[in-house]
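All remarks here apply to the structure that follows.
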Amino acid sequence: MRLSYRCLIALERQEVIALLSKLTPRESEILTMICRRWETKEIANALNVSRRTVDSHRVHISTKLDTSSIVEFVHMTQRVPKTFS
């Protein structure tokens, strides 16, 4: 039995939501800033943390979402547009 395109999209969204739910509130905040095209320096200044701390959060986000680049972060969050905009 073949799943319809809508069913596949719904399943994909559920998987993305499950992955995003693994993030801490701070990681979600940083991911939102990344999706808004903030640079590491801007994120660090806004959150009053070091660039290394932001980079550390990026690594944790990447690990939890099983992605390897910022482009993949953004692409993943576009599947759940109301979450990160």
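Tally Lys/Arg at +1 and Asp/Glu at -1 over every other residue whose Cβ is under 14 Å from the Cβ of ILE61; what's the total?
-1
At what distance in nm do the modelled label points of ARG52 and GLU29 sit from each other, each positioned 7 Å from its Cα along Cα→Cβ?
According to this spin-label approximation, the distance is 2.1 nm.
Where a number appears in this text, it was derived from the coordinates with a stated rule and is not lab data. Owing to the predicted nature of the structure, the values given are computational and were not obtained by experimental measurement. Counting neighbours? That spans all protein chains shown, and the Cβs are built from the backbone with ideal geometry, glycine included.
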